[in-house]
Amino acid sequence: MTSPHDLTKADRARLQSTLNAHRRRAADKHIAYENIRVDDLLAKLKRSPLGYLCACGQVLAFGAGVDPQRPDKATVGHHFPLSAPANDEHPGHTLPNTDFECWSCNSRQNHTQDTPGIARGKRMAVKPGRAKKAAGQARSIAKRKDPWPAKGSRKIKSRSTFR
């Protein structure tokens, strides 16, 4: 029987391809990157008799057949996200900045961080109850009370005479 610490060759290959994709993404953004191996990241994780643990204490599931949104699925996470603006202080895709996290921790972290695109969307969002124009500039548009034509109109007469 294999230990929960043993990953299959297919699982290692899948995780390594994810790490390689993150490395390419960092290179495209012109931020620092390292060629991180799966074994290096696994060495950083805490172990229990049940398997590898996330920082929150959840046992990570590494299988390829694991549901993508399963809360304990192992994902590659960055403490300082790759989507943040590139500057001289950005650690990039380096071993100290990268870790395996459970899907729920990674998702929670992604929703709490404001990347430039999310921050721009929040600034552009119209708050409920906020007037779009100042009260003095608002145009009054005369609306008809009844959107239907009057009773004596030709349109209604022509529709009502079916024989």
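The values are calculated or read from the model by the stated rules, or taken from the named source; none is laboratory data. Treat the numbers as computed from the prediction; the structure is a model and nothing was measured. Cβ placement follows ideal geometry from the backbone for every residue including glycine, while neighbour counts extend to all protein chains displayed. Protein only, heavy atoms only, side chains kept; ligands, DNA and RNA dropped before computing areas. Shrake-Rupley method; radii C 1.70, N 1.55, O 1.52, S 1.80 Å.
Could you name the aspartates and glutamates in cross-link range of LYS46, using Cα to Cα under 19 Å and dropping any fewer than eight places away on the same chain?
ASP6, ASP11, ASP72, ASP99, GLU101
Suppose R0 equals 30 Å. What FRET efficiency, 1/(1 + (r/R0)^6) with r the Cβ-Cβ distance, do LEU53 and LYS9 give to the nearest 0.05?
Computed FRET efficiency for LEU53 and LYS9: 0.85.
Can you tell me the FRET efficiency between ASP39 and ASN110 if r is taken as the Cβ-Cβ distance and R0 is 22 Å, rounded to the nearest 0.05? All intermediate terms of the calculation are to be shown ahead of the outcome.
On the way: r = 26 Å, r/R0 = 1.17.
It comes out at approximately 0.30.
With all protein chains present and a 1.4 Å probe, how do ASP28, ASP40, ASP72 order by accessible area, largest first?
Details: ASP28 120, ASP40 70, ASP72 25 Å².
Largest to smallest exposure gives the sequence ASP28, ASP40, ASP72.
Whole angstrom only: what separates the Cα centroid of segment 47-83 from the Cα centroid of segment 86-100?
Rounded to whole Å, the Cα centres lie 19 Å apart.
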